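Engineer: This is the structure, below, for whatever I ask next.
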There are 2 protein chains.
Amino acid sequence: MREAIQNFKEVERWGLFELSLSGSGEGNPFLDIQLEAKFQHKHRIVKAEGFYDGNGVFKIRFMPDTEGTWTYSVSSNSAELDGAAGSFSCIPASSENHGPVRIRDVSHFVYEDGKAYRPFGTTCYAWTHQDEELQQQTLQTLSVSPFNKIRMCVFPKNYSFNLNEPDFFPFVGSSVEGFDWTRFNPDYFANLEQKIMELQKLGIEADLILFHPYDKGRWGFDRMDAKTDAYYLRYIIARLGAFRNIWWSLANEFDFMTEKTMDDWDRSFRIVQESDPYQHLRSIHNGTKMYDPTTLIVYDHTKPWVTHVSMQYWELTPTNAWRKLYGKPVVVDECCYEGNLPQRWGNITGEDMTARFWDGFTRGGYVGHGETFLHAEEVVWWSKGGQLYGESPARIAFLQQILNEAPACMESIDRLRDAPTIGVEGEYYLQYFGIHRPAYRELPLPSDRSFKIDVIDTWRMTVTTLEGTFSGMTRIDMPGTPYIAIRACVIEKGEV
Amino acid sequence: MREAIQNFKEVERWGLFELSLSGSGEGNPFLDIQLEAKFQHKHRIVKAEGFYDGNGVFKIRFMPDTEGTWTYSVSSNSAELDGAAGSFSCIPASSENHGPVRIRDVSHFVYEDGKAYRPFGTTCYAWTHQDEELQQQTLQTLSVSPFNKIRMCVFPKNYSFNLNEPDFFPFVGSSVEGFDWTRFNPDYFANLEQKIMELQKLGIEADLILFHPYDKGRWGFDRMDAKTDAYYLRYIIARLGAFRNIWWSLANEFDFMTEKTMDDWDRSFRIVQESDPYQHLRSIHNGTKMYDPTTLIVYDHTKPWVTHVSMQYWELTPTNAWRKLYGKPVVVDECCYEGNLPQRWGNITGEDMTARFWDGFTRGGYVGHGETFLHAEEVVWWSKGGQLYGESPARIAFLQQILNEAPACMESIDRLRDAPTIGVEGEYYLQYFGIHRPAYRELPLPSDRSFKIDVIDTWRMTVTTLEGTFSGMTRIDMPGTPYIAIRACVIEKGEV
């Protein structure tokens, strides 16, 4: 029996409380035992489902969102579990704990404590299915990267450059003997949870992909029946919902999963929505139907259970239009990867990856990173993690720094139509030119206040402050090279 | 009276026959005199309208399309013109004369003599409104360029970098005193015709823009009434229709012409269709509504009077989809310009301009060039002509050479979806990677024959032939840099 997580007496706000209960491992406790606890703080009750963790151990996890005393009482169809009760104290969050990420408005994410959150995501689909040494290397790489979100799959991946058989599966069984679709594998989840907790310590959100098509029947996780899908979803929510850094990505490239219908997706979305006491963020990621603007088909992100748009598209231009269409923040979390794979989506340059980040962010959206360089041992970041070799992460960190210095809530400034611009009218403007290389630009600043202007080379990572202060229509001489941005910051009245 | 064009006794096929008749300049002959001739070859009669050319001279022009004797007879409401008759001999076309460009099928243009025509267009909207020296420089530049089509406006242009007043206008008058909308200016047309003939000698099609929005009421050519529009269209067709290298572009950025409705455009299209005895190519070029793939609105090119698609769009990706949608050849004749203007559409790099050409052509479409470098005297190619300074024209010539060596009628090879490819199945494949830089690619060649493979660096303009011959699925090592193409040519059986 694992002892990593105890029945805490003190849990910090948005921390993880875990209650372990001994019971019987007879029969199939995964299927046979119902287990739930009511957690109460003053007048408020939150229900959390428990789960069987193997070896006769049952667990109930809970993420308290309010400081003070919480009491709990357990109910179960098992007499030895039913009636357990107790209490714990929810203490203030530690300095690096800002709570789960929420939707602030149609454009912005925010931690529950009010701190702004801008997703700077990367992608390592199968990193937790690799050996421990490689997983540790991935965590080490992430720890010095700008990335604060990672897309990763529950199920293992059967795809080019990722054909190795993992040691553990979410279900009991193997590809040789088949799987017992009624029994989960606690060893698998122990590793997954440990890695999600490691990410949490690094301040990284786990954008957890619940289903994906990279199976093709090799294991069959892409073609479980509706009942098994629901069974799996409730189990994973019971285990992982109390981790504050979880996001639910219903699927990667959902439309490549030929065994599923749109009704299946809607149903799975509703199961997650109804089962998650914490209402973690939910979205779904598209595969094909992106190449023809005349027949653009994606999931209808206006559906009420979708919290934000998770998009695959190689162009950032429609970011603003999508936000208006769906009324939700837009994360283009796959827009091709920096690398040199033969596949079209996996061989753009560092310049291009960096440009896509700037383009998407200055359109008021968010962009995801990935890296796909050929590797002698087929350790490709986008799939297995490991090391980063590309030129874009340093530039993405530079963009992050620029945005950290910017107002928390910026909007796309639509009146400046000729180059994507975000900012706060009258206060701050960040305009990006991408591949365009004007010799000069005219920026129509408000005429009733003064601004400081910086010319930013987003590739060389330099900021050049223009001499003087500027008001009204301002001509700015530019270097005439691609990948330049302009930043205008109002000078506080006291400084004018 | 001008003497440049005579009443020829011999005219080559698709050459220009002109009949000059003396009449009275009293009243307003432009408006008052109806003039038409019937040209007859054996059983076939073609009617051509005449026009008043000033100084008491009336002209009727005709482009014979069949060798042999043609007779003609003139009818007019003027007794001194009515009844003129004669004949001329249509002799074989000279070696550089392939006739007007026609539509071969949904993908291809062809000269009337059967020679393939691939439009490699450029844009000098107002080049014929500049001084003679500059016009001659433009012709000189064109003569050593790869361009075989030019977009150019009848009406002068009132726009950034092009605010100078021209010497002549199509109508009598000036911006100071206003225009007489019933009287054309033969001096204006004499220059236009001379320049169209110079283009013809260079093998360049004149994609003549009949209306445009760059006026904004300065002269009022953008807001003539429907009657004046029709009057103007019939006059210009009578004057210019017999030039074999004319294409009719109803408008540039038609949707920016706020004084016109879609009905106006349809009516003007029908006037051109009904008045032109030679059925020169007709299309219309869009302005806005291009930036949002979810609300893409352009002219409905399926309308029967549209011969091909003339598109402004900054992405070449939809080229193939548009061809299928409209069922006509697609020319993306504005996709941004190489240069450094402040405006977004006017400051892409030579690399990017070249890449857009390759991208569009390998998708089975055609792409137009333009150049917009800041210039001390505001002589910007896209508007006034002059000299070319950019890096793309040499690369466009290289592409043209590659295509001249290719089969005349290639189609988009849709089964190769991951990179745009044109070719003839089993014979020839040309695949382009643009910004993508795969370390290697696998090309699924037919396995029952052998191919020669070239790796083409489209920017450095090099062709590297791989050693050996290839069949079936073929792995091709690539340089790992952007802007590479692969060409596979079947080896004739005799050579296998």
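Read-outs throughout are calculated quantities, based only on the coordinates presented, and are distinct from any laboratory measurement. Note that the structure is predicted; figures quoted are calculated from it, not measured. Cβ coordinates were reconstructed from backbone atoms using ideal geometry, including for glycine residues, and neighbour counts include every protein chain displayed.
Engineer: Nm distances between the label at A:Glu26 and the same-position labels in the remaining copies, 7 Å along Cα→Cβ, shortest first?
Structural biologist: Output for A:Glu26: 12.5 nm, nearest copy listed first.
Engineer: Report, in debye and to the nearest 20, how large the dipole of the range B:288-418 comes out about its Cα centre when Lys and Arg carry +1 and Asp and Glu carry -1 on their Cβ. If you can, show how the numbers build up before the last one.
Structural biologist: Numbers: 12 positive and 17 negative charges, 109 e Å.
My answer is approximately 520 debye.
Engineer: Roughly what % antiparallel, to the nearest 5, for the DSSP beta bridges in chain A? Don't skip to the answer; put the middle values down first.
Structural biologist: Numbers: 65 of 94 bridges.
Taking every DSSP beta bridge within chain A, about 70 percent pair in antiparallel fashion.
Engineer: Still on this structure, I have one more. Around A:Asp333, under 9 Å between beta carbons, what's the net of Lys plus Arg minus Asp minus Glu among the other residues?
Structural biologist: Numbers: positive: A:Lys149, A:Arg151; negative: A:Asp207, A:Glu334.
Charge balance near A:Asp333 sits at 0.
Engineer: Among A:Lys9, B:Lys384, rank each residue by its count of other Cβ atoms within 10 Å, from fewest to most, as a rough exposure measure. Spell out each step's value before the answer.
Structural biologist: Values: A:Lys9 10, B:Lys384 26.
Ranking A:Lys9, B:Lys384 by Cβ neighbours within 10 Å, fewest first, gives A:Lys9, B:Lys384.
Engineer: I've got another one for you. Normalised by the residues of chain B, what does the relative contact order come to in percent, with Cα pairs under 8 Å and at least six apart?
Structural biologist: Details: 1082 pairs, mean separation 56.7, N = 496.
Computed value for chain B: 11 percent relative contact order.
Engineer: Inter-copy label distances at B:Gln279, 7 Å along the Cα→beta-carbon direction, one decimal in nm, shortest first?
Structural biologist: When each copy's label point is compared with this one, the spacings are 6.5 nm.
Engineer: Just add up the charged neighbours of B:His41: K/R +1, D/E -1, any other residue whose Cβ is under 15 Å from the Cβ of B:His41.
Structural biologist: Its environment carries a net charge of +1.
Engineer: Here is a further query. When the dipole is taken about the Cα centre of the protein assembly as shown, and only Lys, Arg (+1) and Asp, Glu (-1) are charged at their Cβ, what size is it in debye, to the nearest 20? Present the calculation step by step, with values, prior to reporting the outcome.
Structural biologist: Numbers: 100 positive and 136 negative charges, 202 e Å.
The dipole magnitude comes to about 980 debye.
Engineer: Also: Mind checking the dipole of chain B: about its Cα centre, +1 per Lys or Arg Cβ, -1 per Asp or Glu Cβ, Debye to the nearest 20?
Structural biologist: Numbers: 50 positive and 68 negative charges, 232 e Å.
It works out to roughly 1120 debye.
Engineer: Quick one: if the Förster radius is 22 Å, what FRET efficiency do A:Arg415 and A:Glu492 give, using the C-beta to C-beta distance and rounding to 0.05? The partial results should precede the final answer.
Structural biologist: On the way: r = 24 Å, r/R0 = 1.08.
About 0.40, to the nearest 0.05.
Engineer: For label points placed 7 Å from Cα toward Cβ, what is the shortest-first list of nm distances from A:Asp105 to its copies?
Structural biologist: 5.6
Engineer: Hey, what angle do you get for helix B:226-240 against the long axis of chain B, alpha-carbon based, 0 to 90 degrees rounded to 10?
Structural biologist: Taking the Cα atoms of chain B, the angle to B:226-240 is about 80 degrees.
Engineer: Further question on the same structure: Please work out how much length the chain gains when fully extended from B:Val424 to B:Ser75, using 0.36 nm per residue of separation minus the C-alpha to C-alpha distance, in nm with one decimal.
Structural biologist: Taking 0.36 nm per residue and subtracting the Cα distance, the gain is 120.5 nm.
Engineer: Relative to the longest principal Cα axis of chain B, at what angle does helix B:262-275 sit, 0 to 90 degrees, rounded to 10?
Structural biologist: Tilt relative to chain B: about 70 degrees.
Engineer: Let me ask another. Under a crude label model (7 Å from the Cα following the beta-carbon direction), how far is A:Ser95 from A:Leu163 in nanometres?
Structural biologist: My value for the distance between the label points is 5.0 nm.
Engineer: Taking 0.36 nm per residue of separation and subtracting the Cα-Cα distance, what length does fully extending B:Asp266 through B:Lys303 add? The partial results should precede the final answer.
Structural biologist: On the way: separation 37, 0.36 × 37 = 13.32 nm, distance 0.88 nm.
Answer, rounded to one decimal: 12.4 nm.
Engineer: In peptide A:336-349, how many Cβ atoms from other protein chains are near each Cβ within 10 Å, on average?
Structural biologist: Working: counts 2, 0, 0, 3, 8, 5, 11, 5, 8, 2, 2, 10, 5, 5.
Per residue, the average neighbour count from other chains is 5.
Engineer: Using only Cα atoms, figure out Rg for chain A and give it as a multiple of 2.2 N^0.38 Å. Could you put the intermediate results ahead of the total?
Structural biologist: Working: Rg = 24.1 Å, N = 496, 2.2 N^0.38 = 23.3 Å.
Taking the Cα Rg and dividing by 2.2 N^0.38 Å, one obtains 1.03.
Engineer: Taking K and R as +1 and D and E as -1, what net charge do the other residues with C-beta under 14 Å from the C-beta of A:Pro342 add up to? Numbers along the way, then the final one.
Structural biologist: Numbers: positive: A:Arg344, B:Arg417, B:Arg437, B:Arg441, B:Arg475; negative: A:Glu378, B:Asp418, B:Glu442, B:Asp477.
Net charge around A:Pro342: +1.
Engineer: Using the 10 angstrom Cβ neighbour count as an exposure proxy, how do A:His436, A:His308, B:His369 rank, fewest first? Working shown, then result.
Structural biologist: Numbers: A:His436 25, A:His308 22, B:His369 30.
Going from sparsest to densest Cβ surroundings: A:His308, A:His436, B:His369.
Engineer: Of all DSSP beta bridges located in the protein assembly as shown, what percent are antiparallel, nearest 5?
Structural biologist: On the way: 130 of 188 bridges.
Given both bridge residues lie in the protein assembly as shown, the antiparallel proportion sits at roughly 70 percent.
Engineer: Separate question: For a quick check: sort B:Tyr125, B:Tyr440 by the number of other beta carbons within 10 angstrom, fewest at the front.
Structural biologist: On the way: B:Tyr125 25, B:Tyr440 13.
Ordered by Cβ neighbours within 10 Å, fewest first: B:Tyr440, B:Tyr125.
Engineer: For the pair A:Thr258/A:Lys227, report the inter-label distance in nm, with labels modelled 7 Å from Cα in the Cβ direction.
Structural biologist: Label-label distance for A:Thr258 and A:Lys227, simple model: 2.6 nm.
Engineer: Can you tell me the orientation of helix B:350-362 relative to chain B, as the angle in degrees between its alpha-carbon axis and the longest Cα principal axis, to the nearest 10?
Structural biologist: Computed tilt is about 90 degrees.
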